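Worksheet for the structure shown next.
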């Protein structure tokens, strides 16, 4: 039986850590992120819901100097130093043939057949759900006491060729540095929209 | 100065609430979700990072019987009862003209000009970032002691016509019920992929 937490609002310091004080960092302290921490992030990300448990994300964690250099060369100029200075930058990609994995990821029915022959639909589903997983990724890293720096300024096709060479069905979505943020590298927060601006209750 | 939480791993019961014990519910207890709770979800969602603070999500919260019925009629058969029985189901849409808001959302530079005339790029950015916000939405609801039921089985075009009539530049992404999940409405968890299956460190 699953545990429920009805009406249990997380303590304010947890909400601060996840949402209110979490920031996108542009620079990083000289402190490494361990392989165990990368595993711990994934162990949270994979628990988040995806449509039919499709789990489309495929992640390349660029940790070595060589990998960071190769990625930075394919990023927009403003993102290069961020990638080179971060302990690790994850390339979050998505597999447009995720349905091949559904027989074991969603074993109680033939979900693979829902996607067979519908590549256009798979592309939309994989992009949506790997982006959802990107949201889990950012909050998972924060939940573990790490900071993130998500970026979409890079040459997607070139990154796919360079990092997903053996998996031509995997496309890059966005990249995200992980580490210990340098407080001097952030600016004031941008304004946030009030509920009534972008929401309506009907 | 922003508060930092370096190496502060959230307590295990918080990680349970957010990730390990959080589930997608198919049925709901007969207990309402208040307007204040919907506002509280948004107040967390809007803090999550989006590219250039674009905040593309536009949310219609279907709370009245009439709105639920209209939405349920446009959903796949398997999702109708879920929508009708949930206290509220949010339609998470995205504005492909989000760049019109950037002068106040990202005031320190002319970010609007980055997107002017590039509708194809805006569609990709809006879809990616509203899906990211969808990930924040699910975890925000859980952080507040609520459960979620995200769904993509519905007629997007028909929902856009029905619910975004006055905003033809807003497209539906996915829908998500919010409430207090009925523990009898869930099945065993589907398998989760080990790190080495979908990740590589280079």
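Please treat every number below as a calculation from the coordinates, not as lab data. Fair warning: this is a prediction, and the values are worked out from it, not measured in the lab. In this analysis, Cβ positions are derived from the backbone assuming ideal geometry, glycine residues included, and neighbour counts consider all displayed protein chains.
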Residues that are without any contact (Cβ under 8 Å) to a residue 40 or more places away in the chain and not in a helix (DSSP H, G or I), drawn from region B:63-85: B:63, B:64
Matching residues, region A:3-24, being on the phi < 0 side of the Ramachandran plot, at the interface with chain B (Cβ under 7 Å from one of its Cβ atoms) and assigned to a loop (DSSP other than H, G, I, E, B): A:3, A:4, A:5, A:6, A:8, A:9, A:10, A:21, A:23
Any hit, region A:116-136, residues being within 12 Å of chain B (Cβ to nearest Cβ), under 30 Å from residue B:3 (Cβ atoms) and over 15 Å from the mean Cα position of the chain (by Cα): no
Residue in region B:37-60 that is in a helix (DSSP H, G or I), in contact (Cβ under 8 Å) with a residue 60 or more places away in the chain and farther than 14 Å from residue A:199 by Cβ present: yes
Test: residue in region B:105-115 that is in contact with a strand residue (DSSP E or B) (Cβ under 6 Å, 6 or more places away or on another chain) and farther than 28 Å from residue B:31 by Cα: no
Subset of region B:25-48 [within 17 Å of residue B:92 (Cβ to Cβ) and within 7 Å of another protein chain (Cβ to nearest Cβ)]: B:38, B:39, B:42, B:44, B:46, B:47, B:48
